[in-house]
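Enquirer: My questions will all concern the structure given below.
The values are calculated or read from the model by the stated rules, or taken from the named source; none is laboratory data. Being a predicted model, the structure only gives us computed values, none of them experimental. Virtual Cβ from ideal backbone geometry, glycine too; neighbours counted across all protein chains shown. Surface accessibility is based on the protein's heavy atoms, side chains included, excluding ligands, DNA and RNA. Shrake-Rupley method; radii C 1.70, N 1.55, O 1.52, S 1.80 Å.
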Amino acid sequence: MQYESSDEDREFQSADPVSRVEEWILSKLGHRRLGKQSSRVVRALAGSPQYATSATVADFARRVGVDPATVMRSAKLLGCNGWTDLQQELRAMFLADLDANDLLEIHSNHEGSVIDAALLSDVVTMNNLRNSLDPEMCRNFAHNLIHGTHEHPEALAKILLYGSGSYLGPLTQFAHVGARLGLTTIPVGWGGRAAHTAMSSADIGDVILIMNFWRTPAEFEAIARVAKDRGLRVMLISDTRFSHLTPYIDDMLVIPAEGSSHFPSLVAASALIHVLLAVITEELDGLGVDSIRAHDEIYFALEDARAKKSP
């Protein structure tokens, strides 16, 4: 049977996490017809998303009355790599409707000290990242990031890096190491004159990389829309496929970002940047090695000049 909702169900309210989940499910399924068992799974996801974010696949399957394999197949129908990936998607939708005080409240109930809670949260995050990150998608993302949509296979794209607040931290590492590899990387920020000036310097086929978790600033939607219209490749690292930026995105990687307090954790984001830089280094091969050698020669020349000047 096809998963359908009543007219009343379709009156979605963006502030209602259940409605957001149902809207997401409907957008993924379209007019696709589901079997009886899969239909039960998606109805349960729409009706109890918060339970689904914490239940094991076996517990959720038992509650719905299906086998775990059906739950896994349903997750893939929704575009997720598996149960953990689906849980992350549901959790991100729930958290996006909360403010910082709400986040602090829901994370206040934990065993042990805040130190243990923070460290354990990041251990779980890293495990989830390792289980959900698709190696082929990651390699394709890295390839498209450095080449954009330039027709010449050896052409390297200019990469404009957009992130708000603390999200610029991992992007700063990418900008620094990327430059050592011979890439043109420009950390921009999240809007204003800098965004305008940087985009003006980009050519068709160049890349805009946005890193955004939790809530999406309106500036990012404008940046993504204009960049897309101007022929730039728009790429996103986010904690949800349900981002407001999705209609303008050419490539996306979804990673966990929930922290243990009132702010997201950037452990997975930093780890992903580490991964992307490693993949890019491998792909650039000799070009990257030559660029690193040139950077090192300049570094040691400057160190030598500074030492000779010292009394």
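Enquirer: Per-residue counts of other Cβ atoms within 10 Å, averaged by peptide: what ranking do you get for 232-245, 196-209, 288-301, highest first?
Expert: 232-245, 196-209, 288-301
Enquirer: Using a 1.4 Å probe, what is the accessible area per residue for region 54-133, in Å²?
Expert: On the way: 4280 Å² over 80 residues.
About 54 Å² of surface per residue is accessible.
Enquirer: Hey, can you rank 124-134, 167-177 by average C-beta count inside 10 Å, highest first? Don't skip to the answer; put the middle values down first.
Expert: Values: 124-134: 16.6, 167-177: 19.0.
Top to bottom by mean Cβ count within 10 Å: 167-177, 124-134.
Enquirer: Nearest 20 debye, what's the magnitude of the dipole of the chain about its Cα centre given +1 on Lys and Arg Cβ and -1 on Asp and Glu Cβ? Mind showing how you got there, number by number?
Expert: Details: 28 positive and 40 negative charges, 65 e Å.
Result for the chain is approximately 320 debye, rounded to the nearest 20.
Enquirer: Pairing the Cα long axis of helix 218-229 with the longest principal axis of the chain, what angle in degrees results, from 0 to 90 and rounded to the nearest 10?
Expert: Around 70 degrees separate the two axes.
Enquirer: With the full set of protein chains in place, find how many percent of the accessible area of region 40-161 is carbon and sulfur; take the probe as 1.4 Å. It would help to have the intermediate numbers written out before the result.
Expert: Details: 3340 of 6360 Å².
The value for region 40-161 is 52 percent carbon and sulfur by accessible area.
Enquirer: First compute the accessible area of region 210-253 with a 1.4 Å probe, then give the percent of it belonging to carbon and sulfur atoms. Walk me through the numbers on the way to the answer.
Expert: On the way: 800 of 1700 Å².
Solvent-exposed carbon and sulfur of region 210-253 make up 47 percent of the total.
Enquirer: So what is the relative contact order of the chain, in percent, for Cα pairs below 8 Å that sit 6 or more residues apart? Before the final figure, lay out each step's value.
Expert: Values: 435 pairs, mean separation 50.5, N = 311.
RCO, the chain: 16 percent.
Enquirer: Which whole-number value in Å² is the accessible area per residue of region 173-301, probe 1.4 Å?
Expert: Details: 5810 Å² over 129 residues.
For region 173-301, the solvent-accessible area averages 45 Å² per residue.
Enquirer: Here is a further query. Take each of the peptides 54-66, 77-89, average the number of other beta-carbon atoms within 10 Å over its residues, and list them starting from the highest.
Expert: Details: 54-66: 15.9, 77-89: 20.4.
Packing proxy ranking, top to bottom: 77-89, 54-66.
Enquirer: Of Tyr51, Ser166, Leu86, whose Cα points farthest to the positive end of the dipole of the chain (charges on the beta-carbon: +1 Lys, Arg; -1 Asp, Glu; origin at the Cα centre)?
Expert: The residue sitting farthest along the positive end of the dipole is Leu86.
Enquirer: Top to bottom by accessible area (1.4 Å), largest first, where do Asp304, Asp102 land? Intermediate results must be reported in sequence, preceding the final value.
Expert: Values: Asp304 75, Asp102 55 Å².
Of Asp304, Asp102, the descending order of accessible area is Asp304, Asp102.
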